[in-house]
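Written out below as structure tokens is the structure these notes cover.
Every number in this text was worked out from the coordinates using simple rules, so none of it is lab data. Fair warning: this is a prediction, and the values are worked out from it, not measured in the lab. Counting neighbours? That spans all protein chains shown, and the Cβs are built from the backbone with ideal geometry, glycine included.
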Amino acid sequence: MAGAVNRVVDVLVIGAGPAGLAAAARLAAAGGGQYRIEVLERERESGGVPRYCAHGGFGLADLGRPLDGPGYARRLTRAAVRAGATLRTGVSATGWSGPLTLDVTAPTGLERITARAVLLATGARERPRSARLVPGTRPAGVLTTGELQQSTHLYGVRRERLGRRAVVIGAEPVAHHAVRVLRGAGADVVGMVTEQSCGPRRFGGLVAPPLLTGTTVAELLGRGRLAGVRVRHADGRTGTIRCDTAVFTGDWIPDHELARSGGVSLDSGTRGPAIDDAFRTGSAGIFAAGNVLRGVESAGAAAAEGRGAADAVLRHLSGEPWPVSAVPLAAEDPVVWVAPNRVVGAVAGRPFLVRVREPLTRPVVEVGQDGRVLHRARLLGTVWPHRSVRLPAAWTREVDPAGGPVEVRVAR
């Protein structure tokens with residue numbers, strides 16, 4: 001890259017959301033100032049998604065006090081800067097020029113930064129209507145949850161532009177937040193639509209809008225401004241809901257472009273970087289943490305992963321060898337994905353997260369390898385597609401490093 005400024009750091013963190021900021025704070029503090037920790041964030045402000053989530057529910061698990069999203073983002077940012085990390089916003093990592101060297105575009109020009117370790121914390125994004133292949137015209141009033149929250153909390157869009165009658169497509173927790181935002185802006189939420197066969201009726205002490213289960217949005221209607229959505233029920237019946245706003249929620253995909261362009265192996269289930277329980281990818285010196293791993297867990301969970309990744313990075317900087325091989329994990333339907341998705345060695349580490357495709361009541365989860373059952377346990381209550389369950393890691397001690405893939409399944 002002609003004309004680029006070449007620099008060297010110890011750890012380069014890509015992404016200043018909860019995972020990246022929490023990792024940077026721990027790395028800078030644990031290093032006692034001996035390590036150069038640099039965080040790159042392409043947005044103008046750090047903090048990731050929480051900075052435009054005005055609702056509460058942040059901070060209690062990891063910071064010990066309840067905060068709203070912007071307050072949580074500010075706390076994480078201050079902690080990273082006070083610990084000694086260098087935080088640069090408006091700076092984008094555009095590609096790789098070596099195994100641990102990134103090409104960077106900054107307001108001051110082009111740079112090439114080489115690090116001893118790289119932590120990918122680029123997060124996840126919602127797929128827009130176009131990526132969900134919903135037919136229809138392209139009227140105004142069709143949003144994702146992120147666009148809705150940014151419009152109201154960052155840019156102060158007024159009710160007249162936001163709309164008066166809204167439909168939320170989804171019924172997971174982020175859809176409930178969308179309902180609150182719409183109601184707070186004065187819109188009447190006339191329905192929630194979900195493909196799932198069931199969904200919660202109440203949330204946060206409030207009664208949910210009318211909930212259509214087993215239903216998909218077949219078409220968007222209207223020109224200029226949304227006039228309604230045509231829905232299709234599981235039995236083939238169709239109908240139309242009159243509305244001027246539609247919010248698509250919950251279809252998250254890891255922001256994995258940088259990982260993929262750098263040759264980092266991706267997991268087919270999560271669509272994020274394949275990692276072991278020390279957040280190591282298959283590329284030596286490259287770690288990944290947070291919602292880039294699998295689209296989307298809570299901000300607190302992402303921050304906890306950032307701190308866990310920081311501990312692994314510190315061991316790497318101290319000379320811990322990079323694993324030569326790993327045993328992959330395979331998810332069998334209705335299990336959608338497992339994270340981490342590689343097993344290294346025989347030491348039980350962090351619990352694994354498991355997601356399922358459909359609601360399951362008290363399922364029996366089984367882990368096996370080459371015909372051997374390594375773990376079997378019944379989960380209590382109902383397991384929902386939008387919420388991960390934790391799988392204890394003690395069974396990893398029984399994995400044969402020379403054996404076949406480890407299979408995670410629901411016993412029939």
16 Å cut-off, amide nitrogen to a point 7 angstrom out along Ser97 Cα→Cβ, residues in the stretch 225-261: none
Packing rank of 64-77, 385-398, where each peptide gets the mean count of other beta carbons within 10 Å, highest leading: 64-77, 385-398
With Cα atoms, 0 to 90° folded angle of helix 173-184 axis to the chain main axis: 50
Å³ per residue enclosed by the Cα convex hull of the chain: 154
Two-site label geometry, Asp10 and Ser130: point separation in nm, points 7 Å out along Cα→Cβ: 4.3
Contact order normalised by residue count of the stretch 329-410, Cα under 8 Å, 6+ apart, percent: 41
Kirkwood-type radius of the stretch 1-157, with distances r between different C-alpha atoms, in Å: 17.1
Spatial extent of the stretch 329-410: Rg and Dmax, with the Cα atoms as the point set, Å: 12.1, 36
Per-pair calculated FRET efficiency, R0 = 35 Å: Arg82 and Val324 via Cβ, rounded to 0.05: 0.35
Linear extension gain, Arg390 paired with Glu45, 0.36 nm per residue minus alpha-carbon span: 120.9 nm
Peptides ranked, highest mean first, by Cβ atoms within 10 Å: ranges 45-51, 311-317, 235-241: 45-51, 311-317, 235-241
At R0 = 22 Å, FRET efficiency that the Cβ-Cβ distance of Glu332 and Thr361 yields, to 0.05: 0.75
Contact order relative to length of the stretch 88-146, as percent, for alpha carbon pairs under 8 angstrom and 6 or more apart: 20
Degrees separating the helix 299-317 axis from the principal Cα axis of the chain, which is the longest one: 10
At R0 = 35 Å, FRET efficiency that the Cβ-Cβ distance of Ala234 and Arg164 yields, to 0.05: 0.75
Under 5 Å, built H, 5+ apart or other chain: amide partners of Thr215: Thr194, Glu195, Gln196
